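Undergrad: Mind looking over this structure? Questions follow.
The values are calculated or read from the model by the stated rules, or taken from the named source; none is laboratory data. Keep in mind that this is a model prediction, so the values were computed, not measured. For neighbour counting, all protein chains shown are included, and Cβ atoms are generated from backbone atoms with ideal geometry for every residue, glycine included. Calculation scope for accessible area: heavy atoms of the full protein, side chains included, ligands and nucleic acids excluded. Shrake-Rupley method; radii C 1.70, N 1.55, O 1.52, S 1.80 Å.
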Amino acid sequence: RAGGMPPARESADGAPVVRRDGTGERRGGGDDSFFTPRAALLFAVLMVGALFWEEALEVRARAREVVFGERAVAPTFLAPRRAGAIVSGNEHDVDIDGADTNVVSLPSGTPTDGTSFLDRGGEDKRRAAVTPKTETTALYAPGALLPLPPVPDEIGGTYRSLGKVRGLDGVPDVTKDASAVADAAKRRAHGGEIIILMANSAGCHLAANAIANLRSVGIEHYLLVTNTKETCEWMKNKSRSGGETAGWELECGWTSFLKGHPRLKTYGLLAEERADPFRLWWARFHLLERFVDLGLNAMYVDTDVSFRVNPYVLLKGPFREFHLIGQDETGGVDGVNIGFVYCQNCVRNGPSHRVLNETVQRMLQILEHEPGPVLRWDGQPALGAKEHLWDQHIYNDVLESAVFSRDLRRRSGQRLIDPNGKHRDEWLGSPVQNFPKPSDKRWDEFEVEVAASDVPVTKNGDKMVLDPGVKKAKGKLLHCVGLDVPGYDADAKNENKTSTPTLTTPSACVTQEKFLASPPWFLAGWSGVAGDETYQGVLGRWNLDPPIVAVAHLVGALAKLQTLKQLGWWQYGAEAFKPPEVVGLSEIEKRLDRVGGLGVRNMVAASRRASGDVGAGVGEYGEQVARLVTLAVAIGRRPVVPEIECGAPWVGSDAKAFLRVKDRERVVLGTRCLALGALVGDSEGVREASELDLGDTQKIAPGFLSCCASVNFACDEGVIWQGGLDSDPRLGGMRDDVEVLEVGRLPRTKGGGIDANASAAMFEHNKRKLLIFDVADAREPGVLPAVDNLTQEMRERVELFFKTCDRLDCRAPKRPFPRDVDPCRAPR
């Protein structure tokens, strides 16, 4: 290969990666045959006590870290070198052992009727996947870290890396210098492959779930990078609290990349515990570029990406001729989503590598612009992580530059133009800017051949739904960007200004490389992305097994944790990785869990008898949920919320969708609610899901129902949703210990509301783990009455609950506002 580019600033050198020394074997569990039943019981009790003690210590330690922090040493910032500058080569190559160049997997388990979930013969009778029946055990309390399920030896095949990579040395800053990057690559890569994940403290649980997902398809060659050392330490310690046999044992490092840069404050980019952590976003491109320079095939995935199968058999089979791979959002070269970026067999200093390098270069040019920061239309600095400095904008600009061999800055540049009126449209269409025409931006068409052996297999041994044969693929050829490339237009607005024509083409740039705009059967989004809508999650077919997509990205989903749980893609136990920053609510949750849960059934607002008016239907359901939460928390129990019958008249429908349910902004379809579950009302209980056939040959598994979870009122804290009650192994105690009571038995106030104080006294000694109030025969049939007469302590507890879960707060006069797709707010 040609000599490598330097990283995107002059002071960093290429980092060598040397051969692994040692087996890289993971520590396994020892022989535990010495346990007697009494010893096993004692061990379980000690483990539970240790978990609670460790959690208390972690809460205290985290509080100290939040208050006092750890001062970071600011790096030295130098002017970036443009991609293509003539530099000395990287003297080191990567040398890693083994280097070589329908939508839900069905869990194992027995359905309620003892029949097979899948009929593999004759016509297509794929069914929605379900959660396996799990034995109830007192060891795993709600919120505890559950052991990961075993991964069969055949999963992953040639591309299996479980137990074949080494842990990092402590909690390193993986971007500290070239040697740190190289050490991370040496330890975490396998077979020349590495996958990058990023997380701040608010996203730890999503990162943990993503890692569990990678493990389920045989992948362990990941590098998780957090924004602080404390966050990584938290995750590593938590992952080991369940013991070695639990299978978590997460590995992570942290990044100081750009930390302390003086312009972060100027551009309004200091806040990191939010949905747009600028430094983390840019660290991913820095690492991608560095790993490619080291000769690795580097992949980045967002934590809302789920591998339904191991994708490498497709990447190395039909897509082997493509180098840079991404997700198509708009059908054109400037509309690529960067939740999935993969660079394979990319020539060092070649077209694809330069795209990554130039992306970081342009970011640094903006960040270190002189004199003073880049200004927008109103004379103010170009503020915001999703504005001029957004890496997705800049990456698309660089891709477009590589396709057309011109320095183009369409997406990032327009963020400096006044958004009011038609100013941006005029700027984009101006002959002065000279941007390529829309017709020129459309993808070129290629053909790929999928052999029978290329079709990936799920963890159940079933092949994904993909017919072998010749398939259409879309993409573009990439040229090298850089001033050292003959003919490269350094100023797109001047057709005559190009690089020096006497330059010799760099050897790495002689051959063009291919960009793949992934077909949706390989990489699909939830909604709002280009390609055949059949593969999009919003149409409900991600509920089916075998899967119809290899990789699913929840881009476009509005309640991602809710969506993952509805699809059965959530690894219960991952939420244990949420740092206990809201200590008050955490303590309340533990108190409620010690008593048990409280739910409601036969709620009209959640049934087919609900209002047909969308606004009224959504608002009535939200108000009922808020009353349930108030009652449960007031009397000291965890709220258990019924999901919505998908046939409710206000739920959106589409004849093309699975079960005809399509309502992105209000509900998420799931198929894992137990037909005989505790929250199932009379209107649902009379029908078996296997009898539900709306002209679709794909049916729900026997013993289960479709159920739609709310998007408006989705909350990750405190409440237990119906799907979680029916699926979470830790809630087996609730499922097995239910008492159903008529809501009319509850004491009332003079105003007709439920007397919270008297109700608490009434159930103070009730030991049932799950109380269900049936509202079918309430004074207003199907309606849970308002809750009154709360003590001051109850009010404080309820207020803290709603403060943390404000989307659930639909107490009157709040209602979905300003539209029925919004959470509840007080109307103005």
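Undergrad: Under 5 Å between amide hydrogens, which residues at least 5 positions from G597 or on another chain qualify, with H placed 1.01 Å from N in the peptide plane?
TA: Distant-sequence amide H within range of G597: R638, L770, L771.
Undergrad: Need the C-alpha centroid separation for segment 508-526 versus segment 592-629, integer Å.
TA: Going from one Cα centre to the other spans 45 Å.
Undergrad: Based on the mean of other beta carbon atoms within 10 Å per residue, what is the order of 759-765, 321-327, 381-387, 602-608, most packed first?
TA: 602-608, 321-327, 381-387, 759-765
Undergrad: What whole-number volume per residue, in cubic angstrom, does the convex hull of the C-alpha atoms of segment 595-646 give?
TA: Hull volume over Cα atoms, normalised by residue count, gives 58 Å³.
Undergrad: If you split all Cα-Cα distances of segment 754-828 into 5 Å bins from zero, what percentages do you get per bin, shortest first?
TA: 3, 12, 14, 19, 23, 17, 7, 3, 1
Undergrad: Here's a follow-up. Which order, highest average first, do 538-544, 560-566 follow once you tally other Cβ atoms within 10 Å for each residue and take the mean per peptide?
TA: Ranking the peptides 538-544, 560-566 by packing returns 538-544, 560-566.
Undergrad: Highest mean first, what order results for 767-777, 308-318, 504-514, 424-434 on Cβ atoms within 10 Å?
TA: Packing order, densest peptide first, comes out as 308-318, 767-777, 504-514, 424-434.
Undergrad: Further question on the same structure: Probe radius 1.4 Å, ligands and nucleic acids left out: which of H479, H423, H553 has the largest accessible area, and how do the rest follow?
TA: H423, H479, H553
Undergrad: Run the numbers on segment 341-497 and let me know its relative contact order in percent, using alpha-carbon pairs under 8 Å that are six or more apart.
TA: Reported as a whole number, the value is 24 percent.
Undergrad: Further, regarding this structure: If you count only protein heavy atoms and use a 1.4 Å probe, how large is the accessible surface of D440, to the nearest 10 Å²?
TA: Accessible surface of D440 is approximately 70 Å².
Undergrad: Using the alpha-carbon centroid of each, what span in Å lies between segment 178-204 and segment 453-491?
TA: Going from one Cα centre to the other spans 23 Å.
Undergrad: For segment 755-780 and segment 220-255, what is the centre-to-centre distance using only Cα atoms, to the nearest Å?
TA: 42
Undergrad: Short version: ³J(HN,Hα) in whole Hz for each residue of segment 282-295, in order, from phi by Karplus 6.51 cos²θ - 1.76 cosθ + 1.60 (θ = phi - 60°), x for Gly and Pro, what are they?
TA: In residue order, the calculated couplings are 6, 5, 5, 6, 4, 5, 4, 5, 5, 5, 5, 4, 7, x Hz.
Undergrad: Along segment 261-277, what does the Karplus equation 6.51 cos²θ - 1.76 cosθ + 1.60 (θ = phi - 60°) give for ³J(HN,Hα), rounded to whole Hz, x for Gly and Pro?
TA: 5, x, 7, 4, 5, 4, 8, x, 10, 7, 5, 10, 8, 8, 6, 10, x
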